[in-house]
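The values are calculated or read from the model by the stated rules, or taken from the named source; none is laboratory data. Note that the structure is predicted; figures quoted are calculated from it, not measured. Backbone-built Cβ (ideal geometry, glycine too); neighbour counts: all protein chains shown. Keep in mind that these areas ignore ligands, DNA and RNA; they rest on the heavy atoms of the full protein, side chains included. Shrake-Rupley method; radii C 1.70, N 1.55, O 1.52, S 1.80 Å.
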Amino acid sequence: MEKHKVALESLDPYRIRNDFPIFERKIRGKPLIYFDNAATSQKPKSIIEVEKRFYEETNANIHRAVHTLSYESTVLYEESHKKVANFIGAKNWREIIFTRNATESINLVAYGWGLHNLRKGDEVLITIMEHHSNIVPWQMLRDQKGITLKILDIDDEGRLKLDELPRLISERTKLVSVIHASNVLGTVNPVRHVINEAKKVGALVLVDAAQSIPHIPVNVTELGCDFLVASGHKMLGPTGTGFLYGRYEILNEMEPFLYGGDMIETVTIEKSTWNELPWKYEAGTPNIAGGIGLGAAVDYLNRIGVEKIFKHEREIVGYSLERMSDFPWIELYGPRGNDRVGVVLFNISGVHPHDVAGILDEEGIAVRSGHHCAQPLMRRLGMDIAVRASFYLYNTKEEVDKFVEVLREVRRLF
Ligand code: C6P
């Protein structure tokens, strides 16, 4: 029988908004338009409820006692690791380590793997598009271990110069650490290609998926990456949550990052041995309620469907670019194509970005202005700061219309 491609149903952002209590909030009497999703997402009622219920009904420390509450907390917390593992296509839930955020996840790799495996003369390749959290930990290793940091550049549209990869990757390359989707330009990088190139020389690959996991279906097994990091709080989960995926064999071999309670198997005064994965890397009492909330966020995203979310955001970002392109006084950055998440970086000629953001805020519209924690990229683009609007599943074209209307007002005022 002939197979027909079924068009993906659209999601209804108006219905989704009802799940998010914050949209009842008014800012100076105006409805909140939240376009700062790349910084952190809003949280649905169901996730707030899960955390509240945990504290009201189950609260106890994990792995430490035989009483009922401790047992239930442990089960819920482990369940969340399993939900995250399924969500990203990991083969084994023990490959998921809960952290505070993507930054901590990268530091875990830098300290746990880099500090013990890299030697003078080894190379780590990153791109000019990286967030500071995927630059600074490698600079630390450069300074402490004498490794070389290599940088892959972008073209004028804001895409990686992939043709330069063969020149930059060599037998000396031990790690390629690459951003999946840019928090500044919105570019979605062809990480599978980068992984294939890295594998040719046996280098490991870390994917910074902080801006892709919430918006695009990602499968670590299909990608074949060795590490992947993300922030739970950008994917509807609680703040103070994030995770590291690492291939089992590598995590098993690596050294711990933090030392102390729960990460050990045995301790004598002379020496200690380490707990099984993932607890070897989750020292001390973790953010139990947050971790359980992250599992609930994954449930919510699965109910909606990440493919639908991506499709919706593509519509919103496409519509925004179309509307904003009408005005010659708006300078837009980033690629024009489908390889883009819901991020729009722009400047209005003659107006300081913080003034643009301030006036938008007067009208209840939240955007971010600044360097977006990516100063090398901003410098590469020939500027210091800019305004960024970033979208998610609850944003509407109507909100974009209001946003564009206020931008026209900004232009008129200046
Ligand atoms: N970018 C933004 O407004 P944390 O803060 O650790 O959860 O995430 C760090 C991080 C890492 N990689 C990328 C691509 C990111 O975008 C971020 C966070 C936010 O753009 C806050 S600076």
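Things to note:
- In the complete set of protein chains, residue-level accessible area for MET235 is approximately 0 Å², probe 1.4 angstrom.
- For the range 1-95, applying the loop criterion from DSSP together with a ceiling of 16 other beta carbons within 10 Å to the GluC sites (Glu not before Pro) yields GLU2, GLU9.
- Heavy-atom accessible area ranking, 1.4 Å probe, most first, across ARG340, ARG15: ARG15, ARG340
- Counting charges near GLY342 (Lys, Arg +1; Asp, Glu -1) among other residues having Cβ under 9 Å from its Cβ returns a value of +1.
- Carbon + sulfur, % of accessible area of the chain - ligands and nucleic acids excluded, 1.4 Å: 49 percent
- Spatially, the range 95-156 and the range 370-387 are offset by 20 Å when compared through their Cα centroids.
- Checking the cross-link pairs LYS161/LYS199; LYS45/LYS308; LYS174/LYS280; LYS199/LYS234; LYS83/LYS397 against a 26 Å limit on the alpha carbon distance flags LYS199/LYS234; LYS83/LYS397 as lying beyond it.
- Sequence-ordered 3J(HN,Hα) estimates for the range 378-384 from the Karplus curve with 6.51, -1.76 and 1.60 and θ = phi - 60° stand at 4, 5, 4, 7, x, 8, 9 Hz, glycine and proline given as x.
- Angle in degrees between helix 288-304 and the longest Cα principal axis of the chain, rounded to the nearest 10: 50 degrees
- Calculated [222 nm] ellipticity per residue, helices only, for the chain: -10500 deg cm²/dmol; basis is -39500 (n - 2.57) per DSSP H run with n ≥ 4, divided by all residues, nearest 500.
- 20 Å reach of a label modelled at ILE264, 7 Å along Cα-to-Cβ, counting backbone N of the range 63-80: 63-66
- Sequence-separation-based contact order of the range 48-303, relative, with Cα cut under 8 Å and 6+ spacing, percent: 24 percent
- LEU152 long-range amide H proximity, modeled H, under 5 Å: ILE126, THR127, ILE128
- Accessible-area order (highest first, 1.4 angstrom probe) of the listed residues HIS116, HIS371: HIS116, HIS371
- Taking all protein chains into account, the per residue accessible area for the range 48-303 stands at 41 Å² (1.4 Å probe).
- Summing Cβ point charges (Lys, Arg +1; Asp, Glu -1) relative to the Cα centre of the chain gives a dipole of roughly 300 debye.
- Computed with every protein chain present, the accessible area of SER133 is close to 10 Å² [probe 1.4 Å].
- Amide hydrogen neighbours beyond the local backbone of LEU236, cut-off 5 Å, H modeled: SER41
- Accessible-area value, TRP274, 1.4 Å probe, nucleic acids and ligands omitted, Å²: 80 Å²
- Loop-located trypsin sites (Lys or Arg not before Pro) in the range 114-171 (DSSP state not H, G, I, E or B) with no more than 10 neighbouring Cβ atoms inside 10 Å: ARG119, LYS120.
- When peptides 61-70, 83-92, 180-189, 403-412 are sorted by average Cβ neighbour count within 10 Å, with the highest value leading, the order is 180-189, 83-92, 403-412, 61-70.
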